[in-house]
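Here is the structure we will look at.
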Amino acid sequence: MKNNVSLKGIRILSSCFVLLVLISFVNCSSGGSDSASTSTPTNLIVNTDVVGTSASNPNGDGTGVVNFSVSAVNATSYKILIGAETINSTTGIFSYTFSQMGTNQYTIYVSAYNGTQFISTSKVISVYVIPTLAWSDEFSVDGAPDSSKWSYETGAGGWGNNELQYYTDRPENVIVQNGLLKINLIKESYNGSPYTSARIVTKNKYSIQYGRVDIRAKLPAGGGTWPALWMLGNDISTSGWPACGEIDIMEHVGNNLNKIYGSLHHPGHSGANPDGGTVTIANATTEFHVYSVEWNATTIKFYVDNIVYYTFNNSSSVPFNKPFFFIFNCAMGGNFGGNVDPNFTNASLEVDYVHVYH
């Protein structure tokens, strides 16, 4: 789509530029006597104005608009390569709108022509684009979670994690109240399990491929608790796990209080051997924090309260370039949750909102 700079395009900038130069060179070498009589452009200058740049907004006002002014002595036309898009101009004056959210660096390649003669240069610019809210749940309506967005996964065992809870769809275990989603972990005997909880998913209702996710949440306390805000690849039913990929935006275990885990599971890095990082914060179980992931074709970044603590280099060799759906749950014990405090009775994972930006 016009004026969209793809990250895949950015990765092929250099090869595209080389191809452009080679094509120009072939044209130049085949120009015969006309080439000899044409003056090669000189003094190529590329000026850029990122709209809204100021001391407080050094990379622009978030619109992504950049005004270009390209000039060269003896030039009659210009070619400008931005991402995968080539712009042809006779004046060298034009505007371009970048769309990749956040602050990103772009290398702009420019050639000035006079007939078949040309000179080339490049320039690096940084542009900020305000993220656009694409999907959200504010949990503003009391009762069951919005059925147009969420469904339940029920049962015991934690899908191979040896967890102790039974996931239900009962309001005792999952409910929206006073603007919060509450997943309640309760010590009680239920269908042969000593604890109950809930696990809700957006599978077949909503999925995301690339973007930024912000989830504001307060975590449960108690040894053995294991809350998770995470995503799985849509193709899990056909590819299986870990080939489908798993993005754990936030995990916490009550036995390691205030230690936040951001992890990626994929072939060769599954189970207890994920790619990921950790950060220790204050008051994870008594105050709300914003847990985030920013995901594109080249990087996956994990944040708490807008501070990045782990960056993964994404590529076509891993399963993180396709749609994923959300899972919110709170487990007890199991392979990661560990030993349960014998005095535990109940605790809640509370989510204020989930926002998805593109």
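A few points about this structure:
- Listed residues F328, F68, F320, most fluctuating in the chain (Gaussian network, C-alpha, under 10 Å): F68
- Shape index of the stretch 48-95: Rg/Rh, with Rg the Cα radius of gyration and Rh the Kirkwood radius from the inverse mean 1/r over Cα pairs, equals 1.07.
- Overall Cα dimensions of the chain, principal axis frame, Å, largest first: 92, 40, 35
- Between W241 and N256, the distance separating the two model label sites (each 7 Å from Cα on the Cα→Cβ line) works out to 1.8 nm.
- Length gained when the stretch S56-S77 is fully extended (0.36 nm per residue, less Cα-Cα span): 4.0 nm
- Of N346, V70, I307, farthest towards positive along the dipole that unit charges on Lys, Arg, Asp, Glu beta carbons give the chain: V70
- Taking a point 7 Å from the Cα of D49 along the Cα-to-Cβ direction, the residues of the stretch 119-134 with backbone N closer than 20 Å to it are 123-129.
- Relative contact order (%) - criterion: Cα under 8 Å, at least six apart; region: the chain: 17 percent
- Distant-in-sequence amide H partners of I108 (H built 1.01 Å from N, under 5 Å): K123, V124, I125
- Distances between placed amide hydrogens fall under 5 Å for T63 paired with I130, all partners being 5 or more residues away or on another chain.
- A simple count of charges around E172, restricted to other residues whose Cβ falls under 13 Å of its Cβ and scoring Lys, Arg +1 and Asp, Glu -1, yields +1.
- The residues packed around W241, meaning those with a beta-carbon under 13 Å from its beta-carbon, carry a net charge of -3 if Lys and Arg are +1 and Asp and Glu are -1.
- Convex hull of Cα atoms in the stretch 233-358, direction-averaged projection (nm²): 8.5 nm²
- The calculated FRET efficiency for the pair H358 and V124, based on their C-beta separation and a Förster distance of 25 Å, comes to about 0.50.
- Point-to-point label distance, F94-S140, nm (Cα→Cβ direction, 7 Å offset): 4.2 nm
- Each eigenvalue of the Cα gyration tensor of the stretch 78-181, multiplied by 5 and square-rooted, gives one semi-axis; in descending order these are 56, 18, 11 Å.
- Three-way shape call for the stretch 32-128 based on the alpha-carbon gyration tensor, with the a/c threshold at 1.5: prolate
- N283/L133 FRET efficiency (R0 35 Å; Cβ-Cβ; nearest 0.05): 0.80
- A full extension of the chain between N204 and N273 corresponds to an added length of 22.0 nm, given 0.36 nm per residue minus the alpha carbon distance.
- Within the stretch 236-318, GluC sites (Glu not before Pro) in DSSP loop having at most 11 other beta-carbon neighbours inside 10 Å: E287
- Excluding same-chain neighbours fewer than eight residues apart, the aspartates and glutamates reachable from K203 by a Cα-Cα span under 12 Å are E153, D235.
- Over the stretch 95-144, equivalent-ellipsoid semi-axes from the Cα gyration tensor in Å: 45, 10, 6
Each reported figure results from applying straightforward, stated rules to the coordinates on display, with no laboratory input. Note that this is a predicted model, so its numbers are computed, not measured. FYI the Cβ positions are ideal-geometry reconstructions off the backbone, even for glycines, and counts take in every protein chain you see.
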